[in-house]
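Trainee: Got a structure here, written out as structure tokens. Questions coming.
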Amino acid sequence: MSSFDVKTGNARRTPVLFTRVTEVIMGRFIYLDNAATTKVYPEVAKAVLPYFTELYGNPSSIYSFAGKAKDAVEEAREAIAGIIGAKPNEIYFTGGGSESDNWAIKSTVEAYGSKGAHVITTKIEHHAVLHTCEWLENNGCEVTYLDVDENGLVNPADVEAAIKDNTVLISVMMANNEIGTIEPIAEIGEIARRHGVLFHTDAVQAYCHVPIDVNKMNIDMLSASGHKVGAPKGVGFLYMKRGIRNKSFLHGGAQERGKRAGTTNVPGIVGLAMASRITSDYMKEHAADMASLRDYLIKRVTEEIPYSICNGDRVKRLPNNANFCFRFIEGESLLLLLDNKGICGSSGSACTSASLDPSHVLLAIGLPHEIAHGSLRLTLSSEITKEDIDYTVDCLKEIVARLRSMSPLYDDFIKNEK
Ligand SMILES: *Cc1c(COP(=O)(O)O)cnc(C)c1O
């Protein structure tokens with residue numbers, strides 16, 4: 001293939017399309033949206049490939065060829081159980097975090113309650129929990145949505161005070177996906193245990209990023225997802241403590257010990273286990289480094305950009321999460337201009353970025369609508385360097401100043417300040 005070179009008039013060998021692609025690749029590309037999804041580790045992609053093309057047997061089949069796939073799934077189950085201090089037979093593979101949340105909540109109510117059952121959750125949960133709870137309410141259940149403080153922390157005393165005779169489940173997330181706040185899960189677990197109420201935690205953001213021990217933390221059910229830890233999308237698991245009467249959620253075949261029907265996602269599960277191990281090993285060693293890069297980002301932004309704040313708890317926080325609000329700024333414009341600079345960020349969560357409503361999490365921590373609208377979440381990975389952060393902050397300063405220079409509200413505000 002050749003194309004015409006405008007400058008020399010000669011035909012050239014490089015196809016135009018190829019040139020464009022390399023231009024994009026050669027330009028800056030800084031991915032700071034790891035809370036939305038992550039890149040699959042190249043070594044994980046390589047390791048799962050044979051489970052598509054060679055060891056493609058259905059683990060439920062009898063012949064020895066399928067046994068290889070079955071063994072790989074059981075090894076994965078053991079590896080994952082080890083990461084959270086569970087037993088392998090307490091891990092049930094699912095199609096991701098949303099399915100695990102739906103399963104834990106709906107099936108617990110089905111098994112332990114009936115119409116009139118009471119569930120306690122919080123106002124800052126992921127929509128996979130919140131919308132499931134709304135569904136329960138439409139089906140005759142009662143749900144308490146607990147408030148959080150200005151940093152997004154749930155008060156364990158509020159959880160205890162909300163428990164009633166008909167309470168069957170407490171569901172509180174381990175770490176918030178927008179503002180990164182890490183909740184007092186062990187304390188809440190202890191309260192649940194003492195009152196004989198089951199405790200579920202959505203640990204999708206926390207899994208492999210912070211240490212988890214389901215027994216020490218008194219967790220009965222825990223949801224996790226592959227694509228937040230460097231594994232493919234569409235695979236996750238639900239930890240269910242032995243002895244819990246949780247009904248199956250997907251009906252059909254007898255996979256996952258009769259609890260979750262559907263042909264086993266062998267490549268996904270193998271990838272989930274391998275990526276989990278890589279991420280948790282990395283975080284064991286480098287969580288402090290990542291947290292100091294995060295703090296450097298937060299410090300530069302809040303010190304160098306006027307009228308900016310950092311949302312979420314500054315200490316009880318995921319090592320990779322920074323979340324800001326900029327007054328007089330519209331989050332969507334900020335994201336588009338950052339995109340022009342090759343920077344991927346998010347305003348709130350990926351699930352809400354299609355709507356214009358401000359984030360329910362930012363409203364729950366007490367921010368007024370107009371400030372919550374100017375939010376930006378930047379979430380790091382092991383690939384992000386200090387240089388990337390410096391470039392990002394420099395771009396951000398320029399973009400915020402430019403957007404404010406076009407804002408009549410900001411103009412009025414500055415005039416009144418003087
Ligand atoms: C991403 C996420 C989910 C949903 O997980 P999927 O695997 O995408 O379904 C649930 N909860 C939290 C906290 C998340 O961050």
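Trainee: Do we find that Ser292 is small (Gly, Ala, Ser), at pLDDT 95 or above, surrounded by fewer than 16 Cβ atoms within 10 Å (Cβ to Cβ) and not assigned by TED's automatic domain parsing to the domain that holds His227 in this structure?
Mentor: Values: small (Gly, Ala, Ser): yes; at pLDDT 95 or above: yes; surrounded by fewer than 16 Cβ atoms within 10 Å (Cβ to Cβ): yes; not assigned by TED's automatic domain parsing to the domain that holds His227: yes.
For Ser292, the condition - small (Gly, Ala, Ser), at pLDDT 95 or above, surrounded by fewer than 16 Cβ atoms within 10 Å (Cβ to Cβ) and not assigned by TED's automatic domain parsing to the domain that holds His227 - is met.
Trainee: Do you know which residues across the range 191-232 are in a strand (DSSP E or B), within 11 Å of the ligand (Cβ to nearest atom) and not β-branched (Val, Ile, Thr)?
Mentor: Going residue by residue through the range 191-232, those that are in a strand (DSSP E or B) are 198-202, 221-225.
Then keep just the ones that are within 11 Å of the ligand (Cβ to nearest atom); that gives 201-202, 223-225.
Those that are in a strand (DSSP E or B), within 11 Å of the ligand (Cβ to nearest atom) and not β-branched (Val, Ile, Thr): Asp202, Ser223, Ala224, Ser225.
Trainee: Could you please find all residues in the range 179-190 being of a type in the set (Val, Ile, Thr) and either crowded, with 24+ Cβ neighbours inside 10 Å or outside any strand (DSSP E or B) (or both)?
Mentor: Ile179, Thr181, Ile185, Ile188, listed by residue number.
Trainee: Residues Ala76, Ala86, Ala81: which one is more than 16 Å from the ligand (Cβ to nearest atom), modelled with pLDDT of 95 or more, assigned to a loop (DSSP other than H, G, I, E, B) and under 21 Å from Val214 (Cβ atoms)?
Mentor: Ala86
Trainee: Then there's this: For the range 111-156, which residues satisfy the criterion of being part of a strand (DSSP E or B), within 16 Å of the ligand (Cβ to nearest atom) and of a type in the set (A, V, I, L, M, F, W, C)?
Mentor: Within the range 111-156, no residue meets the criteria.
Trainee: Also, quick follow-up: Report the residue count in the range 233-261 for those that are buried (at least 18 other Cβ atoms within 10 Å of the Cβ), more than 10 Å from Gly96 (Cα to Cα) and within 16 Å of the ligand (Cβ to nearest atom).
Mentor: Number satisfying all stated conditions: 3.
Trainee: Another question about this same structure. Out of the residues in the range 162-178 meeting the condition of being small (Gly, Ala, Ser) and more than 9 Å from the ligand (Cβ to nearest atom), tell me which one is surrounded by the fewest Cβ atoms within 10 Å (Cβ to Cβ).
Mentor: Step by step, filter the range 162-178, then rank; the result is Ala162.
The values are calculated or read from the model by the stated rules, or taken from the named source; none is laboratory data. This structure is a prediction, so every number in the text was calculated from the model and none was measured. Backbone-built Cβ (ideal geometry, glycine too); neighbour counts: all protein chains shown.
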